[in-house]
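Below: one structure, written as structure tokens.
Bear in mind that the values in this text are calculations on the coordinates, not laboratory data. Keep in mind that what you see is a predicted model, and the values were worked out from it rather than measured. Positions of Cβ are generated from backbone atoms using ideal geometry, with glycine treated the same way; all protein chains shown enter the neighbour counts.
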Amino acid sequence: MWWWTNFLINKSYLLIFVLIIRRTIGSLHYSNIHLQNWTNPCEPNPCRAGTCELVSKLTFSCHCIPYVHGSLCEKLNYAQKSCESNPCYNQGLCSPISSKGSSLFLSSNNNFMCLCSSRHAGKLCQENVGECSCLNGGICYNISNDGYKCSCPIMFTGPFCEHDLRNTTFCSHSPCQHNGTCILVQSPAGICLCQPGYIGEFCEKRIPFCQENPCRNNGTCVPLSGVDGQCLCQPSFSGRLCEYPQRTFCSIDPCRNGSTCIVLNHTGDGFCLCPPDYAGPYCEYITPTACKKNCHHNGGKCALIDNKYGRCLCPKDVTGSYCDTPLHPCAPNPCGLLKYKFI
């Protein structure tokens, strides 16, 4: 039963990873997380009335039957021109020709011709020309005197088997729209983590910015015009989603002597609210009145600074704002780590 144990362990890791993602992005609902694999865009055939040609690993082209057109061969028009059905393969150019010229180039009932690249030929440019150049183990077989096709092995496609689908993952071609982030969860499967204001498997759907409350750290989401919005952050946070801790005036606790630190606005500016008899940017001084009145304890003297602030100059055996705290003989302790003793 070792395989069952490994299965449970792998599933546990996957669940833990998804829960971490959910916790990290905060506002993303778990129901909006969809694991996606890369799939061949031509399987199943998206063309309603035509055939699908894989142009690259991510794009395709529909070639419609007569009288049908549209990117998915979804429109019917009996009066349309032949080239509107996109009949030419391998990026061949369709050129309409008049009924008079049709007898020169093509059989009756055909009023277009395909102008093929140098590597393709045939009525619809479906044949490869020149020496056989099938890639990735493709098998070459002739379909005319000058043309051939490649029979491709599994996981390879294209006119020359040039498209390798083996190592293609969900994130290989950046499927997430509107600046969404693609993450491989269990390769080749992945998910799109959407920016605020977008949801869906590929972040393709626009929703009001505040619908899922994207603001973090107790930020407040404020709707703006249309579907836009804005996060108003708490004083200690910043960023579009209030995701960054912000260094404010009060972050380093600058206010002294029992004063209160106040943050003014979202920029982090602030000031110290001083108790009575204290002054200065950080309440580190006393007022001139308090200085003149209270500094004479224990031989202290009042010193004024620009007549705005005051400070008590205390003798060496006392300390405190008003020279009212005696120092014991061992302060600072000259005995290092040894115990001191009053005499």
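Name the shape class, rounded, prolate or oblate, that the alpha-carbon gyration tensor gives for the range 50-164, where a ≥ b ≥ c are the square roots of its eigenvalues, rounded holds for a/c under 1.5, and otherwise prolate holds if a/b is larger than b/c and oblate otherwise. Oblate shape, in that a/c is at least 1.5 and b/c is the bigger or equal ratio. Across the range 225-230, coupling constants 3J(HN,Hα) worked out from phi with the 6.51/-1.76/1.60 Karplus curve, θ = phi - 60°, read 5, x, 9, 6, x, 8 Hz, and Gly and Pro carry x. In order along the range 43-56, the Karplus-derived 3J(HN,Hα) couplings, from 6.51 cos²θ - 1.76 cosθ + 1.60 at θ = phi - 60°, round to 10, x, 4, x, 7, 5, 9, x, 10, 9, 10, 6, 8, 8 Hz, and Gly and Pro are given as x.
Going by the alpha-carbon gyration tensor, a ≥ b ≥ c the square roots of its eigenvalues, is the range 210-289 rounded (a/c under 1.5) or, if a/c is not under 1.5, prolate (a/b greater than b/c) versus oblate? Prolate is the answer for the range 210-289, as a/c is 1.5 or above and a/b outweighs b/c.
Counting only Cβ charges, +1 for Lys and Arg and -1 for Asp and Glu, the dipole size of the range 161-275 around its Cα centre is about 300 debye. As a proxy for reagent exposure, ranking VAL129, VAL222 by other Cβ atoms within 10 Å from fewest up yields VAL222, VAL129. Amide hydrogen proximity for VAL318: with H placed 1.01 Å from N in the peptide plane, the residues at 5 or more positions away or on another chain lying under 5 Å are LEU327. Cβ crowding within 10 Å ranks MET155, MET113 as MET155, MET113, fewest other Cβ atoms first. Counting other Cβ atoms within 10 Å as a rough exposure proxy, the listed residues VAL263, VAL185, VAL68 run VAL185, VAL263, VAL68 from fewest neighbours to most.
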